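All remarks here apply to the structure that follows.
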Amino acid sequence: MSSFTVTGSGTHALSSGVGALHVHIDIVPIRAGSGNAFPTNWYHVALLRPGDGTGYWEPIPVDADDAWVSIPNGATTLGYSVGPGGQVTVTEVIGPNPFAGPSGAAGAAGATGATGATGATGATGATGATGATGPAGSSGSTLISDTTVATAAASVTLSSIPGTYTDLVLVCQIRGTSGNVADEVYFRLNGDSGNNYDTSLGGTNNLMRFGAANGGGASAGSFEGSVIEVLDYTNTAKHVLCSCMEIRWSATASLKGGQWRPSTAAAVTSVTFSLSAGNIDVGSRFRLYGRS
């Protein structure tokens, strides 16, 4: 709370946060008059006019020896005019305006403002934890051997077959040297020449009759194709089942089946091919795959 004395006319800065003024008439101006109120009401003593730096509110007359004057919110300046010969002391009262009424009801919400500009992209977050390992993929096939005949031979044997797979798959392209258009392909396991085979083609039981090979009478450079599967070849508790899909140069195909039932149970460790006539010709190819 601070006080200041004014005479004549002019302006005086108000302290921040002033809510009211206490005004005391120190000297009554020589031209002042009085009324009949009690305590005495004066007129033509002084006029006070608060302002906020951009304008002024209505003037307030000082009409009592000790008077209270309300100051509007935001007032920063006090304009004054004191009658000739008069003097007034002004005391600031810091705080809310003591003459203010209760707060009114909240007004209706205004319209939503325009959407502001999009803020800058934030920093990249830390890398998350590594996810769980997914399920194992399906097993593929592994090439065990790839044999191409360099010199015509009566038979071709694929030996030393490892026992680390579940099934064997043989992909064959075969041509014979006989003068026939086609010759039968014979197939034995572990060199077994006993009557221990059955095939869907029937006939002799000391070998499997699987597929055909182009003979020397077929078009030059043509080979018969066969895909042979030997299932569960290391399981000695059951017969070894085989299947053969034959692809002929004449664009036909056939499917055959058979089994090997050796007198003494054994895992398959070798496969031997031969023909019903002539030799296996140069360029014939035998690829052996292991499948898990």
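Place the peptides 237-244, 72-79 in order of packing, highest mean first, counting for every residue the other Cβ atoms within 10 Å and averaging per peptide. Show your work: numbers first, answer last.
Values: 237-244: 17.1, 72-79: 15.1.
In decreasing order of mean packing, 237-244, 72-79 become 237-244, 72-79.
To the nearest Å, what is the center-to-center distance of the range 1-76 and the range 128-177, using C-alpha atoms only?
111
Restricting to Cα atoms and excluding each atom paired with itself, what does the Kirkwood estimate give for the range 3-94 in Å? Please list the in-between numbers first.
On the way: mean 1/r = 0.0760 Å⁻¹.
In the range 3-94 this quantity evaluates to 13.2 Å.
Taking neighbour Cβ counts within 10 Å as the exposure measure, how do 282, 45 sort from fewest upward?
If I rank by nearby Cβ atoms, fewest first, I get 282, 45.
Rank 207, 197, 231 by how far each Cα sits towards the positive end of the charge dipole of the range 175-233 (+1 on Lys, Arg Cβ; -1 on Asp, Glu Cβ) and give me just the farthest.
Positive-most Cα among the choices belongs to 207.
Of all the C-alpha pairs in the range 138-231, what % are more than 18 Å from each other?
That tail contains 54 percent of the Cα-Cα pairs.
Full-extension gain between residue 5 and residue 70, please, as 0.36 nm times their residue separation minus the C-alpha to C-alpha distance.
Working: separation 65, 0.36 × 65 = 23.40 nm, distance 1.81 nm.
In short, 21.6 nm is gained.
If we sort 191-199, 147-155 on the protection proxy, mean other Cβ atoms within 10 Å, highest first, what's the order?
Descending packing order for the listed peptides: 191-199, 147-155.
Give me the Debye-computed log₁₀ of I(q)/I(0) at q = 0.08, 0.09, 0.11 Å⁻¹ for the chain, equal point scatterers on Cα only, no solvent, two decimals.
-0.59, -0.67, -0.74
For the range 1-158, taking Cα atoms only, what is the radius of gyration to one decimal and the Dmax to the nearest whole Å?
So, for the range 1-158, Rg and Dmax equal 44.8, 151 Å respectively.
Along the charge dipole of the range 88-242, which of 155, 121, 144 sits closest to the positive end, that is, farthest toward it, with unit charges on the beta carbon of Lys, Arg, Asp and Glu (+1, +1, -1, -1)?
After comparing all options, I get 121.
Taking 25 Å as R0, compute the FRET efficiency from the Cβ-Cβ separation of residue 152 and residue 195 and round it to 0.05.
Calculated transfer efficiency: 0.30.
Give, rounded to the nearest 20 debye, the magnitude of the charge dipole that the chain has about its Cα centre when Lys and Arg contribute +1 at Cβ and Asp and Glu contribute -1 at Cβ. Before the final figure, lay out the partial values.
Numbers: 12 positive and 18 negative charges, 289 e Å.
Here the chain has a charge dipole of around 1400 debye.
Each reported figure results from applying straightforward, stated rules to the coordinates on display, with no laboratory input. Since this is a predicted model, take the numbers as computed values, not measurements. Positions of Cβ are generated from backbone atoms using ideal geometry, with glycine treated the same way; all protein chains shown enter the neighbour counts.
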